[in-house]
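Notes follow once the structure below has been shown.
The values are calculated or read from the model by the stated rules, or taken from the named source; none is laboratory data. Note that the structure is a prediction, hence the values are computed from the model and not measured. Counting neighbours? That spans all protein chains shown, and the Cβs are built from the backbone with ideal geometry, glycine included.
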C-alpha cells in the first residue's frame, strides 16, 4: 500500500561500506522505483521537525550536506507518479540512534532493509576511504595513514582517536539493528549480507525488490560502484568527486549510461586496495568476536566465516 504522503515506503539503512552505493545505483535502473538522485540525504537524522533531534557531533562526526526540511527532502526524488515505489538508501540511518524513531514517526509501516559486511573488512574499507579523504583535505593526520594501521589495531580495545572509535563502532551492528526491531515489526525488517551481494547480486536484488514492493526488473548488476583502494589519479578524484559538474552529468544522463561512465571513471581513479596485514586482521578479529556472536544469534545465520 502506498503512503498517503509522498514519503518513501522502504529504506536501505546501511551499513556503510557494505555495497549500499551499488544497491542505490541498481535500484535507480528500475523505472518503477523513485529514489533521490543522490544517496545519503541524512534527512531522518537532521529533520528539523523530528521528535528526536540529531546528536551533536556524534562520535566526532559532523554530517555532510544534510537535508533539514521535508519539502527539500521530497524535491530530491525523481519520477514520482502513480505506481512508483518510493525509497531511499542512506547508510547513516543504521548508525545514528535517532533515525529509527524518526522514520517510524513519519512512516510507521516502512520496510527496513539492511546489508551488513564482515565488520573487519568494513572497518578496513572505511579506513582507506578516510585516508583518501585526509589526502584530499591535506589533513595528514597520523591516524589515517595506512602505514599506521598496525599501530592503531595494536592499541585495541582502546581506540587512538574519536574518529577511529567511530569507524570501529559502525561495525557493532546488533545494537544498531535492535533500535529498528524496537520500532518496527520484525516482518518489516530484512537483513542481507555483503557476501551475498558479491556472490549472487541478481538474486539479492530480486529478493530486495520483492520485499520493498518494487515490480520485477532485470537489473544490470555487472557494475560495482564506490570501489575501495588508494587514489592513483588524485587530480581527477579531487576535481570531479561531488563537484557541480558531476552532479549535472548525473542529473542530465539516463541512469544506465551515467553508471557506465562512473564505473569507468572509478577504474581510472582507484588502484587495487592493499591487503590488510595479518597482525591487524587478528587484532580486529578479537575486537569484533563477541559482536559477531551476538549478531549471528540475532539473525539466526552462521557468520563463522567472518572470524576466519
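Brief remarks on what is shown
- Residue-level check: of (1) surrounded by 13 or more Cβ atoms within 10 Å (Cβ to Cβ); (2) at pLDDT 75 or above, residue 305 misses just (1).
- Only residues that are under 11 Å from the mean Cα position of the chain (by Cα) and either crowded, with 22+ Cβ neighbours inside 10 Å or assigned to a strand (DSSP E or B) (or both) were counted across segment 17-39, and they come to 7.
- Scanning segment 175-209 for residues that are surrounded by fewer than 16 Cβ atoms within 10 Å (Cβ to Cβ) and in contact with a helix residue (DSSP H, G or I) (Cβ under 6 Å, 6 or more places away or on another chain) yields one hit, 196.
- For segment 169-193, a residue qualifies if it is part of a helix (DSSP H, G or I) and touching a strand residue (DSSP E or B) at 6+ places or on another chain (Cβ under 6 Å), and the qualifying residues are 173, 180, 188.
- The lone criterion from (1) closer than 22 Å to residue 289 by Cβ; (2) part of a loop (DSSP other than H, G, I, E, B) left unmet by residue 114 is number (2).
- Filter result for residue 125 (buried (at least 16 other Cβ atoms within 10 Å of the Cβ) and either farther than 24 Å from residue 307 by Cα or at pLDDT below 95 (or both)): yes
- Members of segment 87-100 found to be over 19 Å from residue 17 (Cα atoms) and buried (at least 22 other Cβ atoms within 10 Å of the Cβ), listed by number: 87, 100
- Of all residues in segment 51-74, those satisfying the criterion of being in a loop (DSSP other than H, G, I, E, B) and buried (at least 19 other Cβ atoms within 10 Å of the Cβ) are 54, 67.
- Among residues of segment 280-302 being out of contact with any helix residue (DSSP H, G or I) (no Cβ under 8 Å at 6 or more places or on another chain) and touching a residue at least 24 places away in the same chain (Cβ under 8 Å), the one that is surrounded by the most Cβ atoms within 10 Å (Cβ to Cβ) is 299.
- Considering segment 152-163, and only residues there that are in a helix (DSSP H, G or I) and modelled with pLDDT under 90, the residue that is surrounded by the most Cβ atoms within 10 Å (Cβ to Cβ) turns out to be 163.
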